[in-house]
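Report on the following structure.
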Amino acid sequence: MTSGADIRAALGSDFAPSITPSLPRATPTQLSQAIPKNSSQPRRHKRNLLVARRGGKAVRWSYESTPVSSRRDQLQFRRWRRPKKDEEPEPFVKFAKYDVRAECPEYDAEIYEAHLTHADWTKDETDALIEAYSDSYGKWPIIVDRYDSGQPRTMEDLKARFYGVSATVLALTTPIHSMTGPQYTLYETLRNFDPAKEASRKKLAEGHLQRRQTEVDEETVLLGELQRIMINQANLDSEREDLRRRLDHPVAGSAGYQYHTSQALTQLWQQLLQTDRMKKNQRLRATGKLSCNNEAVSRHDANIASGNPVFDGLPGATPTSARPRDSIAGIPDSGAGSSRRPTRDSLPSATTPGSALPIDMSKADLERFGVVVAQDKTASGITFASDRLTKPRIAKSTLQTDKIATILTHAGVPDLIGLPTPKVIEQFDAIMAKVHTLLDMRKLAEKEEQEIRVRSAEAA
Amino acid sequence: MPAAPSKRVKGTQIRRHFLIGNTAHVLPHPGFPDPPPDGHTKGWTVYVRPLPNGPDITTWLKKVQFKLHHTYADASRTIEAPGPFEVSETGYGEFGVEIRLYFAQESGEKAVYREHYLVLAPYGPDDQRARQERENKIVAERLETIEFNEPTQEFFKTLTSEDQFNWLKVKKGRGKGKKPDYIFEGAVEPTAQLPEKAMDPGQAGAGGAWSVQYERQVLAQLQQSGATLDQMIEEEKRGMEERRRRLEELGVAIGAK
């Protein structure tokens, strides 16, 4: 479709009376003659100019038929023309470039058979459609008007068929994967054409076009109402969301507090302990009171006859070989002056969980402080070693107790052993085991004596 | 208020030896009222003491209650740390003294009863009796070993503290702003273990008699007793064998009948 701007661009500067034949009715001869060629002057002076130039002599126009090259039917148009100058081309040549034919899909019978067959369309019908499209320059109202092959069809049917054929042919000529951007867009558009949707859209638009004023008003009111409802709904949603966020806050498991399981806490504790230990090791104290220590050690060793290789303060011992006694965090060194050994760091909680001993002390220290690492599990609480020397003597019955006491007295075990050391207890336990064996044997002996008496009576 | 439950040190036991006993003298004797109350012939002292070279007993023992015979005025005598945990009285008869031991608060342990039967008359073998009469001093004491099984951590700390031995040491070099140094000047390094040798055999009642030497004596005695028992068991076995034989004979006799 050509706009005025197009026309002007095509004519360019030679906007000349030579085009007047295209407007034959509206052009009086004089006027046409009066318009000067290549005149850049305003038209209101043309009369004067004409008079000045031509001297009132008229040009002869001829009424002749001219062929229109773009028409295939060779229809002859007759029109008024000025006498032709040699260099001036035929007017139709100038407009030939606007004769752009609509692009039609091209196919032959073979392709049709292979790809384009349709249950509702014969090949003739399809050919007719393509031809109509081509003849009508792709103007669909005209195509619908002109197309009369076979059964009557709507514009949407025609479009669907034509677009389908176009898309197929396009895909055939250019495979989809090698299509350029615009080509693919075109292909998609052609493929996605939906006749039913198009028909309904048109029907709707038509209905819209023929509404009455009351209907329009009603619709406006309804639309306003709908908009209000939508806005309210959105508000409600956002408020609800806000409330939910407030209710759910704080969200556990988020990055805020990472030590909420006991496992994590244990890990943290170990980490802290580790760092602290490393810190402390770097400033291992001199073991202090060296002379006193050595003296003490030598005496002590002589006493208990068991040397302690890692005893701190021994001349040969390297500082690092000292017990991990610096394991306690945060206990100030205040008491160290008065104590020759840093016993307070033997706090067991500070030992690593993996270590076998729950306490970090040298063997000598364990002995000195009377610490025994129990092999078997003991119930926590207080016990007296002397109880182990007295309690076994007491049986459930007084008779048995008396018997035990008799045996013990006979064996020369004192009633009161005043020295409940482990060795003594061990020995005493052995003795008690023997006592019990003896008691059992005596019981058995009594039974057997009884039996013997019965049997001897029987035998007699 | 009981101490807050503290974590216990698993798998450990701390042993402390101490003495429970009494000394007795025939009155009149210095240190006891003279003339003695009507009918009272003996003066005695019942006590709970640490070993002479051991750690401080007040580390774990905070209070001792002696329950005397109910005929005594104010029969329940309570001694608090630092002690000494002892009660001196005069009297004429022996009886069992109930001794209640209260422990340090951090131990989280309840008080425990022990009993000591007063010994006022000479006892033991003849030479011992003779000596007791000669010296007018009877010592009847026994070594107790208290075992703190799985002590609480705090208690463990105090029980393994070097300060426990300070009571045996001499303070030295109390400088300005400095803590006093404690120097031990005894011959034997203090320890919670029994001393190897009896420290001062002449001083009975001060706990000097308790030693590894004495332990050996006791052990030897027990071994002897054990041997005696073995002998008795052997005898029983022989008796059993004999009875079995007799039973068989009887069985044959019954069968023949």
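Rounded, prolate or oblate: which fits segment A:155-272 when a ≥ b ≥ c are the square roots of the eigenvalues of the alpha-carbon gyration tensor, with rounded for a/c under 1.5 and prolate only if a/b beats b/c? It comes out oblate by the Cα gyration axes.
Of interest is the spacing of the C-alpha centroids, which for segment B:42-100 and segment A:166-209 amounts to 113 Å. The accessible surface of segment A:374-460, taken with every protein chain in place and a 1.4 Å probe, is 56 percent carbon and sulfur.
The Rg/Rh ratio of segment B:112-166, with Rg taken over Cα atoms and Rh as the Kirkwood radius over Cα pairs, comes to 1.23.
Surface composition of segment A:117-166: carbon and sulfur make up 48 percent of the accessible area, probe 1.4 Å.
Model label points for A:M278 and A:N232, set 7 angstrom from Cα along the Cα-to-Cβ axis, are 6.6 nm apart.
For the chain pair B and A, buried accessible area totals roughly 6700 Å², probe 1.4 Å, rounded to the nearest 100. Take the Cβ-Cβ distance between A:K391 and B:E235 as r, set R0 to 30 Å, and report the resulting FRET efficiency rounded to the nearest 0.05. FRET efficiency, A:K391 to B:E235: 0.60. For segment B:35-149, carbon and sulfur atoms together expose 48% of the accessible surface, with a 1.4 angstrom probe and every protein chain in place.
Simple spin-label estimate for A:D99 and B:E80 gives 13.1 nm between the two label positions (7 Å along the Cα-to-Cβ direction from each Cα). Let a ≥ b ≥ c be the square roots of the eigenvalues of the Cα gyration tensor of segment B:37-108; is it rounded (a/c under 1.5), or, if not, prolate (a/b larger than b/c) or oblate? Because a/c hits 1.5 or more and a/b exceeds b/c, segment B:37-108 counts as prolate. With all protein chains kept in place, the per residue accessible area of segment B:5-157 amounts to 45 square angstrom at a probe of 1.4 angstrom.
The values are calculated or read from the model by the stated rules, or taken from the named source; none is laboratory data. Quick caveat: nothing in here was measured; it's all calculated off a predicted structure. FYI the Cβ positions are ideal-geometry reconstructions off the backbone, even for glycines, and counts take in every protein chain you see. Heads up: the accessible areas ignore ligands, DNA and RNA and are worked out on the full protein's heavy atoms, side chains in. Shrake-Rupley method; radii C 1.70, N 1.55, O 1.52, S 1.80 Å.
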